[in-house]
1. Those residues that are farther than 20 Å from residue 198 by Cα and loosely packed, with under 10 Cβ neighbours inside 10 Å, I need them from segment 163-187; list them, please.
2. Take the conditions in a loop (DSSP other than H, G, I, E, B), in contact (Cβ under 8 Å) with a residue 60 or more places away in the chain and over 26 Å from residue 128 (Cβ atoms) and apply them to residue 44. Does it pass?
3. Any idea which of (1) surrounded by 10 or more Cβ atoms within 10 Å (Cβ to Cβ); (2) part of a helix (DSSP H, G or I); (3) not hydroxyl-bearing (Ser, Thr, Tyr) is the one residue 49 doesn't satisfy?
4. Restricting the search to segment 96-123, which residues are surrounded by 14 or more Cβ atoms within 10 Å (Cβ to Cβ), over 30 Å from residue 206 (Cα atoms) and of a type in the set (A, V, I, L, M, F, W, C)?
5. Being over 29 Å from the mean Cα position of the chain (by Cα) and surrounded by 10 or more Cβ atoms within 10 Å (Cβ to Cβ) is the filter; apply it to segment 4-34 and report the residue that is nearest to residue 120 (Cα to Cα).
6. If you go through segment 175-205 one residue at a time, how many are free of Cβ contacts under 8 Å to residues at least 24 places away in the same chain and either under 18 Å from residue 138 (Cα atoms) or more than 34 Å from the chain's Cα centre (by Cα) (or both)?
7. Residues being charged (D, E, K, R) and either loosely packed, with under 10 Cβ neighbours inside 10 Å or not in a loop (DSSP other than H, G, I, E, B) (or both): count how many of those fall in segment 124-141.
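The values are calculated or read from the model by the stated rules, or taken from the named source; none is laboratory data. This structure is a prediction, so every number in the text was calculated from the model and none was measured. So basically every Cβ, Gly included, is an ideal-geometry build from the backbone, and we count neighbours across all protein chains shown.
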Amino acid sequence: MPDSVIGQPIDRVDGTAKVTGAARYAADTVASRTPAVGVILTSTIGHGRIAAVDKREAERAPGMLMVMSHDNAPAQAPFQQQADDRHARPKPQLSGDQVHFHGEPVALVVAETFEQATAAARLVKVTYRPDSGAYNLQAGQHSARTPKHLVAGTADSKIGDFTGAFADGAVKIDLPNQTLTTPAGRVVHFDVDAFSKHCLVNGVDELGYILQHEPDIAAYEASHPAPIDTLA
């Protein structure tokens, strides 16, 4: 790879301080008093919006100092998909009611101790308006973009000539028919379990396989409404 950054003398602004032991880390700072502790509450849905954040019970918890969510977080610069410096582009948190992925931070609970913050975080009740997710890369090609900056090289979206490459290949593996053809022309049959074969032929993993049955899952859940208290 002529454009590879591996082995190139790329300077780090903090390199000298780190290799000489002069760099300071957060653990090197001695606080004048016992620091507060924050616990992040994350979303339990993959895509949708936050309908409400009920903090009342958490704010009455022992040792509680603050509960921050999108409705009282400080103003931040809007998110940018690209920028001249990928590390410096804005990445706001708790800046709106939209949920982009499962596990996205939706609240920050600060208390005097870690145990108090953890207990108070369990008392925050977040209500969501779920929306369907986007899992199909082919269907999302309309929103694809060429990266503005790369660490090295250029963006490459070429698919290639599979038919020609397969025809010229010395060894050919035919997964649907479970055969392997050697350079001498010998055809050998091999075994593969049905589930793995289905996933490989259709280009899906375990999650993709489950999503193929999403309508059936939604129908089952609709016919079995059983609310679950996740805080119990």
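1. Passing the criteria: 163, 164, 165, 167, 168, 170, 171, 183, 184, 185, 186.
2. Working: in a loop (DSSP other than H, G, I, E, B): yes; in contact (Cβ under 8 Å) with a residue 60 or more places away in the chain: yes; over 26 Å from residue 128 (Cβ atoms): no.
In short, no.
3. Looking at each condition in turn, residue 49 falls short on (2).
4. Selection gives 107, 108, 109, 110, 111, 117, 119, 120, 121, 123.
5. Result: 23.
6. 20
7. Of segment 124-141, the ones charged (D, E, K, R) are 125, 129, 131.
This time we only want the ones that are either loosely packed, with under 10 Cβ neighbours inside 10 Å or not in a loop (DSSP other than H, G, I, E, B) (or both), so: 125, 129.
The number of residues fulfilling the criteria is 2.
Residue-wise test of (1) at pLDDT below 85; (2) over 30 Å from residue 125 (Cβ atoms); (3) touching a Cys at 6+ places or on another chain (Cβ under 6 Å); (4) not aliphatic (A, V, I, L, M).
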| site | (1), (2), (3), (4) |
| --- | --- |
| 150 | yes, yes, no, no |
| 157 | yes, yes, no, yes |
| 170 | no, yes, no, no |
| 182 | no, yes, no, yes |
| 186 | no, yes, no, yes |
| 190 | no, yes, no, yes |
| 198 | no, yes, no, yes |
| 218 | yes, no, no, no |
| 223 | yes, no, no, yes |
